[in-house]
There are 2 protein chains.
Amino acid sequence: MINRIGQYTIEFENQPEICGYASIVGKKESEGPIKEWFDKIVYDSHSGKDTWEQAESDLQKQALDMALGKAKIKSNDCNMVFSGDLLNQCISSGFGLRDFGIPFLGQYGACSTMAQSLIMASVMIESGAARYAGAMTSSHFCSAERQYRFPLEYGGQRTPTAQWTVTGSGSIILGEKSPNPDTRCKVIKRAVIGKITDLGVTDANNMGAAMAPAACETIKSFFLDTGASPDDYDAIFTGDLGAVGTKLLHELLEKENIDIRNKHKDCGLMIFDNKQQDTHAGGSGCGCSASVLCSYILKNMDSGNYNKILFIATGALMSPTSCQQGESIPSIAHLVEIEGI
Amino acid sequence: MINRIGQYTIEFENQPEICGYASIVGKKESEGPIKEWFDKIVYDSHSGKDTWEQAESDLQKQALDMALGKAKIKSNDCNMVFSGDLLNQCISSGFGLRDFGIPFLGQYGACSTMAQSLIMASVMIESGAARYAGAMTSSHFCSAERQYRFPLEYGGQRTPTAQWTVTGSGSIILGEKSPNPDTRCKVIKRAVIGKITDLGVTDANNMGAAMAPAACETIKSFFLDTGASPDDYDAIFTGDLGAVGTKLLHELLEKENIDIRNKHKDCGLMIFDNKQQDTHAGGSGCGCSASVLCSYILKNMDSGNYNKILFIATGALMSPTSCQQGESIPSIAHLVEIEGI
């Protein structure tokens with residue numbers, strides 16, 4: 001059963017377990033600060049396919065294949081998979097997962113999708129609706145650029161506040177109890193489903209600023225509901241506020257008397273060296289926090305470096321059409337508490 | 001708790017209850033065969049807004065407002081809402097629900113979204129994660145046409161197999177127990193989460209043909225898992241196969257020795273008079289099955305005309321980009337069993 005704590009937090013009594021996880025990234029990500037943590041690198045931006053959209057689908061396919069393998073279960077044993085992505089109509093997920101024969105529930109949380117999928121899969125395990133459930137997402141620099149901004153061939157200039165969409169995918173298999181005794185037990189303890197937050201930011205090249213208030217709301221709700229504090233955690237990860245959003249989040253939380261600076265890392269700032277790699281304000285895209293979670297973060301939990309962490313993924317719920325129509329950028333952030341036991 | 005039955009069916013032990021529901025549609029839908037069943041008609045395709053996208057968002061806003069009102073709860077009491085739509089990045093849902101302050105989980109199931117949202121909300125209630133949860137979706141003829149096909153001003157010719165996107169929204173509030181004693185109790189009993197099915201149809205103007213195999217798979221799984229038969233139901237509703245898809249579904253099910261013809265109605269064939277209203281193969285869009293469910297179907301359960309029904313919403317998981325790249329159309333269908341008690 002799931003208990004509600006306070007206004008927004010949910011608590012998993014039986015604590016679904018992470019049975020397997022995998023990450024796959026592109027060439028640029030393989031040259032960044034956490035390059036040694038990923039499971040697989042794809043050096044060809046087309047992954048041998050005809051289009052970038054097909055290449056992105058292939059990232060999901062490979063990530064799920066690896067995660068199922070690491071969980072030591074077959075696709076038939078996985079009762080459902082939650083996935084979504086940034087492409088129109090989430091085609092990366094639909095086409096990437098088409099051939100598995102696993103019941104599919106498409107999610108749309110923009111760059112918050114990994115946390116959202118993880119919450120949904122956890123609820124399914126906890127309720128008995130699934131014995132094993134997958135949670136995943138992806139993004140691809142080339143497919144995202146041409147859909148959201150300009151054709152790559154145009155060579156558009158990026159603003160200093162712009163973030164760089166990560167080419168990558170992360171996949172997690174959750175279960176009641178892992179059939180794989182090789183890895184350290186990691187469970188989902190609590191979660192917060194975020195509210196849509198919109199402080200009126202309209203600059204589509206400054207997603208960090210648009211999303212920071214949503215992250216602040218969700219983090220504040222969690223600490224208020226549970227009575228926990230940043231000191232209770234080995235690390236608090238957000239994804240992906242980048243340099244601009246991270247600074248804003250610290251300022252916003254300060255007004256609420258919450259200081260996470262000592263414990264905070266942002267996936268968008270972990271995956272690239274912004275100066276060396278010319279990625280401006282940092283990494284972004286669903287695949288950013290997903291691939292960092294499914295590599296650096298969970299592997300550090302496996303080794304015991306981290307015992308208790310918070311993972312807060314943020315998403316900007318805009319489209320090129322809504323921006324062209326002068327709308328501001330509604331944002332959202334979902335939180336997941338993961339513990340190694 | 002939720003029990004798994006057979007390979008694909010899940011069963012809700014406590015059977016979440018429909019506490020309130022509402023439908024809103026446009027002018028054309030208000031002239032069709034089930035016109036008297038809708039809660040509200042919007043005669044202006046812009047709903048007084050500047051753009052069709054904003055008008056579609058407003059449909060969701062109004063539908064949720066009405067459903068909350070009918071459930072006799074405040075938005076604060078609703079722990080989360082599941083919604084999605086056909087627009088790129090699901091902006092109709094994001095912007096439509098922005099101001100409610102209700103935790104939001106964006107769904108993407110194309111025209112299967114109403115069934116998907118309903119399953120997700122049911123799982124949340126059953127697991128204890130929510131006391132009240134919303135399930136909804138929308139579509140809008142004008143915003144869908146210009147995004148998926150041609151600008152309306154172009155006056156493109158429609159093929160005979162084409163379906164007409166419904167302008168409408170449907171919203172349901174689920175809870176453990178309805179606080180509203182005025183209406184007859186209607187509960188969610190069982191559900192099937194669909195697999196992605198793709199038989200290779202590539203004609204984006206023939207969605208019915210692409211989706212019929214997915215509907216067949218899901219219906220077959222349900223009857224196989226549960227031992228139930230079409231005779232156990234007062235009616236079996238699909239949404240939205242239209243004329244072409246309905247015929248194909250009957251043929252496909254016949255090969256499995258399942259005959260639903262006597263009990264079957266398709267929401268896409270219920271909402272328009274295809275000859276009189278020039279809607280070719282019938283209605284479509286997330287808002288079609290959602291608005292038919294939240295009007296004709298549930299009101300007929302309220303009056304006791306139906307006691308036990310199946311609602312199977314189908315979705316085509318393609319995008320204009322995937323079609324232009326020559327991909328076939330992967331489809332999905334989710335099933336919900338609803339009973340009046």
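The values are calculated or read from the model by the stated rules, or taken from the named source; none is laboratory data. Just so it is clear, the structure is predicted and the values come from calculations on it, not from any experiment. Positions of Cβ are backbone-derived with ideal geometry, glycine not excepted, and every protein chain shown enters the neighbour counts. Each accessible area value is taken on the protein alone, full model and side chains, heavy atoms only, with ligands, DNA and RNA left out. Shrake-Rupley method; radii C 1.70, N 1.55, O 1.52, S 1.80 Å.
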Check: Within the range A:224-241, which residues are assigned to a helix (DSSP H, G or I) and surrounded by 20 or more Cβ atoms within 10 Å (Cβ to Cβ)?
Finding: none
Next item on the list: Would you be able to say whether some residue in the range B:278-289 is touching a Pro at 6+ places or on another chain (Cβ under 7 Å), acidic (Asp, Glu) and open to solvent by 50 Å² or more (accessible area, probe 1.4 Å)?
Entry: no
Next item on the list: Scan the range B:56-73 for residues that are of a type in the set (S, T, N, Q) and away from chain A (no Cβ under 14 Å) and jot them down.
Entry: B:Gln62
Next item on the list: Just need a number here: residues in the range A:80-109 that are under 19 Å from A:Ile196 (Cβ atoms) and more than 7 Å from chain B (Cβ to nearest Cβ).
Entry: 1
Check: In this structure, does B:Met270 turn out to be open to solvent by 10 Å² or more (accessible area, probe 1.4 Å) and touching a strand residue (DSSP E or B) at 6+ places or on another chain (Cβ under 9 Å)?
Finding: yes
Next item on the list: Could you check, for the range B:296-307, whether at least one of its residues is crowded, with 19+ Cβ neighbours inside 10 Å and either touching an Asp or Glu at 6+ places or on another chain (Cβ under 6 Å) or outside any helix (DSSP H, G or I) (or both)?
Entry: yes
Notebook entry, point to check: Which of the following residues is facing chain A (nearest Cβ under 10 Å) and either surrounded by fewer than 23 Cβ atoms within 10 Å (Cβ to Cβ) or assigned to a helix (DSSP H, G or I) (or both): B:Glu53, B:Glu36?
Noted result: B:Glu53
Check: Of the residues in the range A:108-148, how many are farther than 30 Å from B:Ser122 by Cβ and either in contact (Cβ under 8 Å) with a residue 24 or more places away in the chain or of a type in the set (S, T, N, Q) (or both)?
Finding: 9
Checklist line | Single unsatisfied condition, A:Thr321 versus (1) over 19 Å from A:Thr113 (Cα atoms); (2) open to solvent by 10 Å² or more (accessible area, probe 1.4 Å); (3) at pLDDT 95 or above; (4) more than 14 Å from every other protein chain (Cβ to nearest Cβ) | finding: (4)
Notebook entry, point to check: Conditions: (1) within 11 Å of chain A (Cβ to nearest Cβ); (2) open to solvent by less than 10 Å² (accessible area, probe 1.4 Å); (3) among the small types (Gly, Ala, Ser); (4) under 21 Å from B:Gly175 (Cβ atoms). B:Gly128 meets all but one. Number of the miss?
Noted result: (2)
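Mind counting the residues in the range A:329-341 that are in contact with a Gly (Cβ under 9 Å, 6 or more places away or on another chain) and either at the interface with another protein chain (Cβ under 9 Å from one of its Cβ atoms) or surrounded by fewer than 17 Cβ atoms within 10 Å (Cβ to Cβ) (or both)? Steps first, please.
Residues of the range A:329-341 that are in contact with a Gly (Cβ under 9 Å, 6 or more places away or on another chain), as a first pass: A:329-335, A:340.
Pick out the ones that are also either at the interface with another protein chain (Cβ under 9 Å from one of its Cβ atoms) or surrounded by fewer than 17 Cβ atoms within 10 Å (Cβ to Cβ) (or both) and you get A:330, A:332, A:334.
Within the range A:329-341, residues that are in contact with a Gly (Cβ under 9 Å, 6 or more places away or on another chain) and either at the interface with another protein chain (Cβ under 9 Å from one of its Cβ atoms) or surrounded by fewer than 17 Cβ atoms within 10 Å (Cβ to Cβ) (or both) number 3.
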Item checked: Residue selected from the range B:188-222 under the condition assigned to a helix (DSSP H, G or I) and open to solvent by 20 Å² or more (accessible area, probe 1.4 Å), by the criterion nearest to the other protein chains (Cβ to nearest Cβ) -> B:Glu217
